[in-house]
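Presented below is the structure to which this report refers.
The values are calculated or read from the model by the stated rules, or taken from the named source; none is laboratory data. Given the structure is predicted, the values throughout are model-derived calculations rather than measurements. For neighbour counting, all protein chains shown are included, and Cβ atoms are generated from backbone atoms with ideal geometry for every residue, glycine included. These area figures cover heavy atoms from the full protein model, side chains too; ligands, DNA and RNA do not enter into them. Shrake-Rupley method; radii C 1.70, N 1.55, O 1.52, S 1.80 Å.
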Amino acid sequence: MNKRVITGLTIIGGAGLLFAFGDLLIPQENVIFDAVNRPKEFAALVTSGPYQWWAARGFVGVLMEMIGTITLYQILAKTKAEKWAFAGLLLSLTHQILGCGVFAVIQFLFPVIGQEVLNGNTEIIKYASINGGLAILFGISLISTLSGLALMAVAIFKSGVLPKWSGWIVFLGFALIPFPGVALQFIANTLWGGAYFWMAIHIYRRYRNDLFLESLPVRQ
């Protein structure tokens, strides 16, 4: 079981790095949230090649998050903090499922709108506005993310099997993501990804030590 947990935590740590370096692909990410006021900049961004790679990495990253979250719960399920971890698992999976919807909009809808704007149909830009249904989708995703991570952080702190503050570092990293700035986005994603790597290394060291102790001769 420890091997599976180490693998899962390494995968979700890799997701953090994937998001971090993916954010370096586009310098104008905040244009997405101001499409109505900056339609030409929005159109140029969402029809570019780097944008497609940036959006595609979202699907892969969310899947990696899901794998890591489930394997994290595996180890927390055997501790006194299981109830906290289970609630965190449900909310985190909700965020990740909604995240697939968010990236579907970003990858498939926004480029179509951008192309129409470039073709002269400026009225269509209203469908890229982060209001109404899109605002609700983004809002629920953010709330479920932070709620789930906070519960997981409490579970990790109480569990005694992982670095106590690692869960709160993950929470801090995700809490910084809504704030603008490519550099800040890179730091935020690296922060939460690094926290999961810290957990993986911690479990690996414990697992290695357990194997070492088991290999020692028993005194008669």
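Here is the figure for region 78-90: residues that are surrounded by 19 or more Cβ atoms within 10 Å (Cβ to Cβ) and not aromatic (Phe, Trp, Tyr) total 4. Considering Ile136, Ile97, Ile75, the condition of being modelled with pLDDT under 95 and open to solvent by less than 40 Å² (accessible area, probe 1.4 Å) is satisfied by Ile75 alone. Residues that are open to solvent by less than 30 Å² (accessible area, probe 1.4 Å) and either hydrophobic (A, V, I, L, M, F, W, C) or free of Cβ contacts under 8 Å to residues at least 40 places away in the same chain (or both): does region 202-209 have at least one? Within region 202-209, one or more residues are open to solvent by less than 30 Å² (accessible area, probe 1.4 Å) and either hydrophobic (A, V, I, L, M, F, W, C) or free of Cβ contacts under 8 Å to residues at least 40 places away in the same chain (or both). Check whether at least one residue in region 101-115 is in contact with a helix residue (DSSP H, G or I) (Cβ under 7 Å, 6 or more places away or on another chain), modelled with pLDDT under 95 and open to solvent by 40 Å² or more (accessible area, probe 1.4 Å), and report yes or no. Checked against the condition, which is being in contact with a helix residue (DSSP H, G or I) (Cβ under 7 Å, 6 or more places away or on another chain), modelled with pLDDT under 95 and open to solvent by 40 Å² or more (accessible area, probe 1.4 Å), region 101-115 yields no hits at all.
Between Ala188, Ala175, the distinction of being modelled with pLDDT of 90 or more, farther than 27 Å from Gly49 by Cα and not hydroxyl-bearing (Ser, Thr, Tyr) belongs to Ala175 only. Working only within region 28-60, note down all residues that are at pLDDT 90 or above, aromatic (Phe, Trp, Tyr) and open to solvent by 30 Å² or more (accessible area, probe 1.4 Å). Within region 28-60, just Trp53 meets the criteria. For beta carbons closer than 9 Å, sequence separation of 6+ or different chains, a first residue in region 133-149 that is more than 11 Å from Leu91 (Cα to Cα) and a second that is open to solvent by 30 Å² or more (accessible area, probe 1.4 Å) and of a type in the set (Ser, Thr, Tyr), the qualifying pairs are Leu134/Tyr127.
Tallying residues that are farther than 19 Å from Leu134 by Cα, without any contact (Cβ under 8 Å) to a residue 40 or more places away in the chain and in a loop (DSSP other than H, G, I, E, B) within region 35-49 yields 1. Looking across region 83-135, the residues that are among the β-branched types (Val, Ile, Thr) and either under 24 Å from the mean Cα position of the chain (by Cα) or on the phi > 0 side of the Ramachandran plot (or both) come down to Thr94, Ile97, Val102, Val105, Ile106, Ile130. Of all residues in region 166-179, those being open to solvent by 50 Å² or more (accessible area, probe 1.4 Å) and in a helix (DSSP H, G or I) number 4. Please tell me if Lys3 is of a type in the set (Lys, Arg), under 29 Å from Ile201 (Cβ atoms) and either touching a Phe, Trp or Tyr at 6+ places or on another chain (Cβ under 7 Å) or outside any helix (DSSP H, G or I) (or both). No, not satisfied.
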